[in-house]
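The values are calculated or read from the model by the stated rules, or taken from the named source; none is laboratory data. This one's a predicted model, so the numbers in the text were calculated from it and none came from an experiment. Ideal geometry is used to build each Cβ from the backbone, glycine not excepted, and the neighbour counts take in all protein chains shown.
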Amino acid sequence: MTTPQIPVQTKLAAAWTSFMFLYVYVDVLGLYKPGAVAGILQGQVWEFDISQTFITASLAAASVPALMILLSTTLPARANRLTNLVIATLLVPWMAFNLAGGEWLAYYGLGFAVELGALVFILRTAWTWPLTSAVPTLGT
């Protein structure tokens, strides 16, 4: 029995979906950290004041993996490969920045490690994108 090949676009979309869930869950579960909700109620997240600018930047950051799911399934191969390589590369230092000042290094370190694993998978998959399609196109 042979396993059918999965198209690169599907692999990338699945990896971005996994990354997005991890990205969100690290923040959501972080709300259970003692003092987190109290800080939010006082208008602060970590050392940042909660403002429209902060919330807009947070939404923009969370939108990146969501949009990458869409782009990974719709962009032409060359643009898709380049977009995945650039965005995943830019997210590595962004994820590392989220570790800065973390009091719960085991928790945030695990989140970073798993997110980094997903980004490495995305980078490897995009970098090694085969020249031919895994799924035959109509007319071939």
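Which one of the conditions (1) modelled with pLDDT of 95 or more; (2) closer than 22 Å to Ile6 by Cα does Gly139 fail to meet, given that it meets all the rest?
(1)
From the list Thr83, Thr74, exactly one residue is surrounded by 13 or more Cβ atoms within 10 Å (Cβ to Cβ) and modelled with pLDDT of 90 or more. Which is it?
Only one candidate passes the filter, namely Thr83.
Looking only at residues that are of a type outside the set (A, V, I, L, M, F, W, C) and outside any helix (DSSP H, G or I) in the stretch 1-30, which one is nearest to the chain's Cα centre (by Cα)?
Out of the qualifying residues, it is Pro7.
Restricting the search to the stretch 95-127, which residues are under 20 Å from Ile69 (Cβ atoms) and more than 15 Å from the chain's Cα centre (by Cα)?
If the condition is that a residue be under 20 Å from Ile69 (Cβ atoms) and more than 15 Å from the chain's Cα centre (by Cα), then Trp127 is the only one that fits.
Going residue by residue through the stretch 17-26, is there one that turns out to be at pLDDT below 95, more than 18 Å from Phe121 (Cβ to Cβ) and surrounded by 14 or more Cβ atoms within 10 Å (Cβ to Cβ)?
No, the stretch 17-26 contains no residue that is at pLDDT below 95, more than 18 Å from Phe121 (Cβ to Cβ) and surrounded by 14 or more Cβ atoms within 10 Å (Cβ to Cβ).
Take the stretch 94-111 and flag every residue that is assigned to a helix (DSSP H, G or I) and either more than 21 Å from Gly35 (Cβ to Cβ) or without any contact (Cβ under 8 Å) to a residue 24 or more places away in the chain (or both).
Once the filter is applied, which keeps residues that are assigned to a helix (DSSP H, G or I) and either more than 21 Å from Gly35 (Cβ to Cβ) or without any contact (Cβ under 8 Å) to a residue 24 or more places away in the chain (or both), the stretch 94-111 yields Trp94, Met95, Ala96, Phe97, Leu105, Ala106, Gly109, Leu110.
Under the condition of being acidic (Asp, Glu) and without any contact (Cβ under 8 Å) to a residue 24 or more places away in the chain, which residue from the stretch 18-72 is nearest to Val114 (Cα to Cα)?
The selected residue is Asp27.
Just for the stretch 89-103: of the residues that are touching a helix residue (DSSP H, G or I) at 6+ places or on another chain (Cβ under 8 Å) and more than 13 Å from Tyr23 (Cα to Cα), which one is surrounded by the fewest Cβ atoms within 10 Å (Cβ to Cβ)?
Taking the candidates together, the pick is Thr89.
Looking at the stretch 44-71 only, could you name the residues that are at pLDDT 95 or above, among the β-branched types (Val, Ile, Thr) and surrounded by 14 or more Cβ atoms within 10 Å (Cβ to Cβ)?
Within the stretch 44-71, Val64, Ile69 qualify.
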